[in-house]
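Here is the structure we will look at, set down as structure tokens.
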Amino acid sequence: MSTTTEQHGQGWLGEPAIEHGRDSSERLGRDKASGAWFLGTHRHRRRFNVVGPCHDELHYMLAASTRLAEVPDLLARGSYVVVHAPRMHGRTTWLRGLSMGLAESGAWAVVRASCRPRRGAEASGERALLEAIAQAAGEQLPAPLRPPPWPPSYDVRFAGVVLSAWARACPRPLVLLLDDVELLPREMRASLLAQLRATYDARPRAAPWSVVLSGSDEVQASAVELLGPAATSLRLPDFTASQVAALCAEHTEETGQPFRDEAVAQIAAISGGHPWVVNVLAREIVEKLRPPLRQPITAAHVIAAAERLRGAWI
């Protein structure tokens, strides 16, 4: 974590931070009695994540640059990129990391938005998607880079018209990262892709400079077909053995507990590199089997965790 609870003066969930010094043991004793001991002693402890996207302050995770490292160069050249993978492969985590890295460069106006329908939203169809993009832009961009208000004459059923107007008004090339594309209705998805293809030649001043469409394997073929030569298709890969080792090393760095090479190899073999399965196995070991931190994690721990999980899933 880049900041500490000592700097903020309080821990997670607003609990007072434990101060380090002569009275720390007394504070620990009082905190145990009050129920705040767990928060105080675990305020920096991250976890192997098995639910939802990863956050670097909460979870062990790999940098986005270690997966599909070629994507920033493709975006710089103005490519439209379709990134596909099955569920639980870390697509959203990767897209968040990509967004942060691109934004830090300051070269583009980068917006990451989800195509997942919003509960309670009044709008539907492409208008709902545009509202989600506008909301994301309001949260992620400074005011000069945000989309202009939609003139009443615009037919906001057509996303391409609005995105073109935004690209014209934006002082930087617009890079749009859309997640969960498979959740768009089939006809709406086809319409959006066709509009992106139709305005592609108007880049950079009258269309998004680059677009990343992240979705399931099922939408990859249709997306590439509708975007045509403008599209580059990439599959978000499984973890390699070295990436499994790097993820396990996050736990070692934070706790001092090493994963032996044999354990890392066993996790890679059992999981096949599937990111969610890697995290499930590692979490089962460190949080359920719980070998003492002074002991290394071995292949025997991995096999025991796999057997426990197999029994729970059968």
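Selection of segment 132-160 for residues being open to solvent by 60 Å² or more (accessible area, probe 1.4 Å) and modelled with pLDDT of 85 or more yields GLN135, GLU139, GLN140, PRO142, ALA143, PRO144, ARG146.
When LEU176 is tested against (1) open to solvent by less than 10 Å² (accessible area, probe 1.4 Å); (2) at pLDDT below 95, only condition (2) is not met. Cβ separations smaller than 6 Å between residues 6+ apart or across chains give the following pairs from segment 251-262 residues that are farther than 19 Å from MET61 by Cβ to residues that are open to solvent by less than 90 Å² (accessible area, probe 1.4 Å) and of a type in the set (A, V, I, L, M): GLU262/ALA299. Consider only pairs whose beta carbons are under 6 Å apart and that are at least six residues apart or on different chains; among these, list those whose first residue lies in segment 170-184 and is more than 12 Å from LEU129 (Cα to Cα) and among the basic types (Lys, Arg) and whose second residue is open to solvent by less than 40 Å² (accessible area, probe 1.4 Å) and outside any helix (DSSP H, G or I). Going by the 6 Å Cβ cut-off, the qualifying pairs are ARG172/ALA109. On the given criteria, is ARG46 of a type in the set (D, E, K, R) and touching a Pro at 6+ places or on another chain (Cβ under 7 Å)? So ARG46 does not fit the description; no.
Restricting attention to segment 93-106 and to residues that are more than 22 Å from ASN279 (Cβ to Cβ) and open to solvent by 50 Å² or more (accessible area, probe 1.4 Å), the residue that is nearest to the chain's Cα centre (by Cα) turns out to be ALA103. Evaluating VAL71 against the criteria (1) at pLDDT 95 or above; (2) among the aliphatic types (A, V, I, L, M); (3) open to solvent by 70 Å² or more (accessible area, probe 1.4 Å) leaves one unmet condition, (3). Here ALA231 clears all of (1) touching a residue at least 40 places away in the same chain (Cβ under 8 Å); (2) out of contact with any strand residue (DSSP E or B) (no Cβ under 7 Å at 6 or more places or on another chain); (3) open to solvent by less than 50 Å² (accessible area, probe 1.4 Å) except the condition numbered (2). Only a single criterion out of (1) within 26 Å of LEU68 (Cα to Cα); (2) open to solvent by 10 Å² or more (accessible area, probe 1.4 Å); (3) not hydroxyl-bearing (Ser, Thr, Tyr) is not satisfied by PRO185, namely (1).
Of the residues GLN243, GLN257, GLN195, only one is part of a loop (DSSP other than H, G, I, E, B) and open to solvent by less than 50 Å² (accessible area, probe 1.4 Å); which? Walk me through it before giving the result.
Details: GLN243 fails: part of a loop (DSSP other than H, G, I, E, B); GLN195 fails: part of a loop (DSSP other than H, G, I, E, B).
Every option except GLN257 fails the conditions.
With respect to the conditions (1) open to solvent by 20 Å² or more (accessible area, probe 1.4 Å); (2) within 23 Å of TRP94 (Cβ to Cβ); (3) out of contact with any strand residue (DSSP E or B) (no Cβ under 7 Å at 6 or more places or on another chain); (4) in a helix (DSSP H, G or I), GLU287 falls short on a single one, namely (2).
The values are calculated or read from the model by the stated rules, or taken from the named source; none is laboratory data. Since the model is a prediction, treat every value here as computed from it, not as a measurement. Neighbour counts run over all protein chains shown; Cβ positions are idealised from the backbone, glycine included. Areas reflect the complete protein model, heavy atoms only, side chains present, ligands, DNA and RNA absent. Shrake-Rupley method; radii C 1.70, N 1.55, O 1.52, S 1.80 Å.
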